[in-house]
Structure formats: structure tokens, C-alpha cells
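Here, each number is a calculation from the coordinates, and none is a lab measurement. As the structure is a prediction and not an experimental result, all values here were calculated from the model. Reconstructed Cβ throughout: ideal geometry from the backbone, glycine too, with neighbour counts over all protein chains shown.
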Amino acid sequence: MTLSNAIDRGPLFFRDRDWHPPAYTPGYKTSMTRAPHRALVALGSTLSEETGPAFGHDMIGVLDNNLVMNFTGQPAIGERIIMHGRVLDENGRGVPNVLVEIWQANAGGRYRHKKDGYLAPLDPNFGGCGRTLTGPDGRYEFLTVRPGAYPWPNHVNNWRPMHIHISVFGTGFGQRLITQMYFEGDPLIAKCPIVNTIGQDRAIQALVAPLDMNRAIPMDCLAYKFDIVLRGRRQSFFENRKEGM
Amino acid sequence: MQGLDYLKETPSQTAGPYVHIGLVPNALGNPGIYPQDLGLSPIREGAKGQRITISGRVIDGADMILRDALFETWQADAEGLYPGNDPRGPADPNVTGWARVAADFDTGIWRLETVKPGRVPFPDGRPMAPHISIWLVARGINLGLQTRIYFEDEEAANAECPVLARIEHKARLQTLLAKRTGPGAYSFDIKLQGENETVFFDI
């Protein structure tokens, strides 16, 4: 546990729930019985949401952000890619020292999970998860393989676009977020019922990572850039009042 | 007029059915990547306060028990101080405050062993009743759900809690109360939808 910067203690910006997918989205069938029907109880953030867990760099293993090598030490099969970007808040500030975890299917579109019976084979050298802590300016990077698209039971012929799942912490528990990164140019994005739980096209575009040839390494790997934005925190001298005043 | 140059929060997407691969690979049966899963316990040996065990289930609108639910908890120590970045000062060094809780893959029952948290002030200074914050994700949940575990045997504190006071339909308050089932033992079911639907917050 580490002590966070004092400027990271302000109340959280209110969440724009028209920007996020709503809970009840019939195109994605599983949401129909898992979506609360009652209105959420709205509240400004309290200390319970403005504080949150912190993680130390000593916890992170040297191969933790290298999904090509971190399962067996032998390279996984697939198209090698760097996934990189920054964790920012809505004020545009990099958020340092926060945990980013990812998980994904292998290059054939198969997950290492007992519930996944897709006919694409497991790769004996691909575990499918990685983690890292952001640097002083909020930067992170992973080396992985491009995940395959795969079919899933929803409508008869639904396929997930290539995607990487991302879990990210902020400095407050109320900033906790899970999302998915998609890849520029994938024609399955527009057809995906999970993508289309999001109502606004501009919000969908925020989940599509562009090919980044500046970060690609010649004769080694391609790169995709994906910035992650967390809820902002208010900063005002007027917040510095004593409790109860 | 100048533009407001704030960024937009990254939109949420469901954690999906395979969230355990990323967040608790050892519990899933994928060892060898991390020495151990994160958030196994919110306390260490020597944590001050009353030891409690809370267990329960996450249930959907068709009364099915979710076996793929995963949630995280965040709580104060027994004195009501949060670990890490609480502006009021340092918490009990043996309380990390954070846990990752996965439902049992076969039964759907989850279990959390911790200490009962103390009271934490609301922004206006009034004390909130002891509570544990929950952030819940699963397949079919498009944006993590926020709720809180309160305790039925904290009647006086609950009656003064400014957060519980916000709940207009008083009959729904009981959905936030862990029921005492024995000494230091509580049960707490989370009902996602329908009759006795748990109160979820937008905070």
C-alpha cells in the first residue's frame, strides 16, 4: 500500500450514464435477467469511494506484462503486438501507480477457461492474462498476441470482434472500471451486440485502438495505442473546508 | 465561448464470462502466471476489531444463482479509517481493506472473512453507519454495480446514516443489511433484479 498524491483526494466527477451502456440491453441477452430494474440511488461520492486500494511495484513480476512469454517461458503463437497507452483522468492528468490487468483469447479465439469449448485449440504457451502498474505519467504497455475473433451463443451467428479485456483501478474505489479494447478496422465491431450495448457511436470509437506504427518495432511486432480515462476528481480550494462546515 | 476540454470516461463493457482468467487465474485453475491471486483477504494477522464472516449468493431476475459473479470489497478499519489515502490519517497496518471475492464455481456461494469496519464520516461530517462497499461485475452486467453491505445489528448507527436516509422506499433498506446468523457470522444475498432487488447506487 502506498500513499497517494494529495490532489487525488477530491470528490469524483459524476458518471455520465448516457455515455456508458445501460444495464438492460436486450440485444445482449444475458443482461436481461442481470440488469437492475429499479432506479439507482444517486449520491455524491464519499470517503468510501474517494479512497481505494493501492498496489506496490514490488508485487509485479518481470514478465507480468508479457503475455507472449509469461505462461511457460516459451513464446505463444500469434501475431505479436504491443498494446500501450496512458491511464488518464477526465482532467487529462496521467494517473501513476495504478494497476492495469488484461485478459484475452489466444490467437485462435480460444480462452484458457473450463467454460470455453470453442473448437479452436488452446495454445500450450498462452495463459491469457497480464498486469502492470502505470508509470509516473500514467503510461502502461503490454506485449501480447492479437486475439482471434470467436463465435458466442447469443443470437445464432454472433461473433465477438478481436478484443482485449481491461480492468483498471484509480486512486478511489469509485473509479473502478472494466472495459474492452477493440482493433482499428475490424468489421465485426459494428456487428457485435456487446459493443452495441453502448448507444453513442463516439463512445464506441473510444474503445477502438488505432494501429500505431510509431510504436511498432521493425521485424518484431505491430503496436496499438489505447488510452484509458477514469472519472475525474474535483480540485478546488473551496473543497478544503473542515468536515461539517 | 471557450470549450470545456475535459476527457470522457472510457465507456464500460461487460467483464464477460471469462473474467476469472484475468482477475483470479489461480482460483480458476490457471496457475503459473502470478504467485497468488490479488485480494485474497482484506486483513492480515493482528488486524484490530471484531472478526466477522459474511457469506451469500448473487441471484438474477429469474432466481438463478450466479456462479460466475465476481466482486470487490473496500472497507475501513475498525476505527473507521481507510488504508492508503485517507486524508484523516493512517489506518491499522494490518487492514488492507480490499478483497476480490469470487462465487464458488459449483454452488455460487461466496464468503468474506474480515473485521467489522468502523463508522466513516459523510462529506458533511455526519457519521455513516459501518459498511463495506461492493463493486460487482459478471457476464451480462454492462457497468459494474455499486452497492454496500450494512449490518442489521447496528440499528442505532443505521438510523443516523445519511446514505441510508437517501433511500426513499424504506422497505428496500433491508436489502442492504447483512443478517446475523451466529456470533460474528452474517449472510448477505445480492438480488440483481425483481422482488427484493438490492439497492444499487450511482456514486
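Using C-alpha pairs under 8 Å with a sequence gap of at least 6, the mean separation divided by the residue count of the stretch A:101-165 gives a relative contact order of 38 percent. Neighbour counts of C-beta atoms inside 10 Å place B:155, B:160 in the sequence B:155, B:160, starting with the fewest. When both the stretch B:37-61 and the stretch B:120-148 are represented by their alpha-carbon centers, they are found 15 Å apart.
By the rule of a C-alpha distance below 22 Å, with chain neighbours fewer than 8 residues away ignored, the lysines paired with residue B:170 are B:179, B:191. Under a 5 Å amide H cut-off, with hydrogens placed 1.01 Å from N, residue A:177 pairs with A:168 among residues at least 5 apart or on other chains. The GNM of chain B, with springs linking C-alpha atoms under 10 angstrom apart, assigns the highest mean-square fluctuation among B:97, B:32, B:182 to B:32. Cα centroids of the stretch A:178-232 and the stretch A:53-109: 15 Å apart. Placing +1 at every Lys and Arg Cβ and -1 at every Asp and Glu Cβ, with all other atoms neutral, what dipole size does the protein assembly as shown have around its Cα centre, in debye to the nearest 20? So the magnitude is around 400 debye. Relative contact order for chain B: 23 percent, from Cα pairs under 8 Å spaced at least 6 residues apart, divided by residue count.
Averaged over peptide A:104-117, the number of partner chain Cβ atoms lying within 10 Å of each residue's Cβ comes to 3. Taking the number of Cβ atoms within 10 Å of each Cβ as an exposure proxy, the fewest-first ranking of A:208, A:145 is A:208, A:145. Computed from backbone phi, the HN-Hα couplings of the stretch B:112-128 come to 10, 9, 7, 10, 5, x, x, 7, 10, x, 5, x, 8, x, 5, x, 7 Hz, rounded to whole numbers (Karplus: 6.51 cos²θ - 1.76 cosθ + 1.60, θ = phi - 60°; Gly and Pro given as x). What relative contact order, as a whole-number percentage, does chain A give when Cα pairs under 8 Å and 6 or more residues apart are counted? Computed over chain A, the figure is 26 percent. When the charge dipole of the protein assembly as shown is built from unit charges on Cβ atoms (+1 for Lys and Arg, -1 for Asp and Glu) and taken about the Cα centre, the candidate among B:25, B:196, B:136 whose Cα reaches farthest toward its positive end is B:196.
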